[in-house]
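Engineer: Starting off with a structure, shown below.
The values are calculated or read from the model by the stated rules, or taken from the named source; none is laboratory data. Since this is a predicted model, take the numbers as computed values, not measurements. Virtual Cβ from ideal backbone geometry, glycine too; neighbours counted across all protein chains shown.
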Amino acid sequence: MQVYSPSYKRSDGVKTHKIIPNVIYCVAEFESEKYLKKGYNVVTMPDQVQGNISRVRNWMLDNVIKEKGIIIDDDIEGFKRWTIEDGKPKIVNADILEFIEFGFWHCEEFGAKLWGLNIIGDKGSYREYSPFSLTNPISGSFMGFINNPLRFDERIPLKEDYDYSIQNLNIYRKLLRFNHTFMIKKDHGNLGGCADMRTMAREKEQLALLQKKWGSKIIKIDTTQRGKKKKNFDFNPIIKTPIKGI
């Protein structure tokens, strides 16, 4: 089992190695030297693979993950876990590799082929009596794979994690998400990666394509109005899969 991180034009901005020293950055050939000079562990992919994160993830699954491994974002600053004792998040960086082994073991026990972490760290998203779930989507920021033959849809590179989660639910009827653990990362301000490809128009186009693929009963646009302020367009859809379970 190994931890891999796709990275693009971020040789000066990667952070995950500070938390997981043995992480291997997967980068295009044209910029591999920049990463190597920094002393990072590197695997190179053909230049033409880059430019579509779904294609990058598929290349990683086919060439480095193969049977078992983690794909994680390159800008992770830490991990925290909600505790029962005082109801506050506890930093778990020191034992993250142990937790990854724990995650794979439970994934196998549940008979799932995909596992991950809570998408957000807001206390409102965590319920003490639901430390894990089997039907909620998993963020592409951290995904664990076990002998998973499914591949990412290269038509939907900005919503690839939602699509891949639904694929797993559709075929295997379950995936494993640990709700009590979440990542610390800044989604805005770090240049490179998918940030180079995201625009409002592109996000709306991708969301519409995801909804067309799975239907409006499963992919719902979040139009919830909270407070008096006019609601901005929400890049993240609400996923409602017709599968019973936690």
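Engineer: Cβ-Cβ under 8 Å, sequence separation 6+ or interchain: first residue in the range 90-108 and over 20 Å from K68 (Cα atoms) and without any contact (Cβ under 8 Å) to a residue 12 or more places away in the chain, partner surrounded by 16 or more Cβ atoms within 10 Å (Cβ to Cβ) and of a type in the set (A, V, I, L, M, F, W, C). Which pairs?
Structural biologist: Final answer for the pair search is K90/W82.
Engineer: Taking the range 124-144 only, how many residues are in a loop (DSSP other than H, G, I, E, B) and among the aliphatic types (A, V, I, L, M)? Break it down into steps so the answer makes sense when it comes.
Structural biologist: Just the residues of the range 124-144 that are in a loop (DSSP other than H, G, I, E, B), to begin with: 126-131, 134-141.
The next check asks that each one be among the aliphatic types (A, V, I, L, M); those that pass are 134, 138.
Qualifying residue count for the region: 2.
Engineer: Something else now. Counting only residues that are touching a Phe, Trp or Tyr at 6+ places or on another chain (Cβ under 7 Å) and surrounded by 21 or more Cβ atoms within 10 Å (Cβ to Cβ), how many does the range 139-162 have?
Structural biologist: Qualifying residue count, the range 139-162: 3.
Engineer: Give all pairs with beta carbons closer than 8 Å in which a residue from the range 12-38 that is closer than 22 Å to N52 by Cβ meets a residue that is of a type in the set (A, V, I, L, M) and assigned to a loop (DSSP other than H, G, I, E, B); count only pairs at least 6 apart in sequence or on separate chains.
Structural biologist: That search, which allows pairs on different chains as well, returns G13/L191; T16/V23; Y25/V14; Y35/V14.
Engineer: Could you check E128 against (1) farther than 23 Å from N58 by Cα; (2) crowded, with 16+ Cβ neighbours inside 10 Å and say which number it fails?
Structural biologist: (2)
Engineer: Continuing with the same structure: Considering the range 27-51 alone, what residues qualify as being of a type outside the set (S, T, Y), in contact with a strand residue (DSSP E or B) (Cβ under 6 Å, 6 or more places away or on another chain) and assigned to a loop (DSSP other than H, G, I, E, B)?
Structural biologist: N41, Q50
Engineer: Continuing with the same structure: Among the residues of the range 24-41, write down those that are farther than 28 Å from D163 by Cα and in contact with a Phe, Trp or Tyr (Cβ under 6 Å, 6 or more places away or on another chain).
Structural biologist: Result: Y35, Y40.
Engineer: Quick one: I91 ticks every box in (1) surrounded by 16 or more Cβ atoms within 10 Å (Cβ to Cβ); (2) in contact with a Gly (Cβ under 8 Å, 6 or more places away or on another chain) bar one, so which box is it?
Structural biologist: Result: I91 passes all but (1).
Engineer: Please go through the range 199-243 and give me each residue that is at pLDDT 90 or above, within 21 Å of S133 (Cβ to Cβ) and out of contact with any Ser or Thr (no Cβ under 8 Å at 6 or more places or on another chain), ordered by number. Step through it out loud before you land on a result.
Structural biologist: Of all residues in the range 199-243, those at pLDDT 90 or above come to 201-220, 237-243.
Retained after the next criterion (residues that are within 21 Å of S133 (Cβ to Cβ)): 210, 214, 217-220, 237-243.
Hits for the range 199-243 are L210, W214, K217, I219, K220, P237, I238, K240, P242.
Engineer: Looking only at residues that are in contact with a Ser or Thr (Cβ under 7 Å, 6 or more places away or on another chain) and not in a loop (DSSP other than H, G, I, E, B) in the range 145-170, which one is nearest to I246 (Cα to Cα)?
Structural biologist: L169
Listed here are the residues, each with its yes/no results for (1) over 13 Å from the mean Cα position of the chain (by Cα); (2) among the hydrophobic types (A, V, I, L, M, F, W, C); (3) closer than 24 Å to Y4 by Cβ.
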{"position": "F110", "(1), (2), (3)": "yes, yes, yes"}
{"position": "I119", "(1), (2), (3)": "no, yes, yes"}
{"position": "S125", "(1), (2), (3)": "yes, no, no"}
{"position": "S130", "(1), (2), (3)": "yes, no, no"}
{"position": "E154", "(1), (2), (3)": "yes, no, yes"}
{"position": "P157", "(1), (2), (3)": "no, no, yes"}
{"position": "Y172", "(1), (2), (3)": "yes, no, yes"}
{"position": "H180", "(1), (2), (3)": "yes, no, no"}
{"position": "I184", "(1), (2), (3)": "no, yes, yes"}
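Engineer: Select from the range 73-123 the residues that are in a loop (DSSP other than H, G, I, E, B) and modelled with pLDDT of 95 or more and list them in ascending order.
Structural biologist: As a first pass, look at the range 73-123 and keep what is in a loop (DSSP other than H, G, I, E, B): 73-75, 83-88, 92, 111-113, 119-122.
Passing the criteria: D73, D74, D75, G111, A112, K113.
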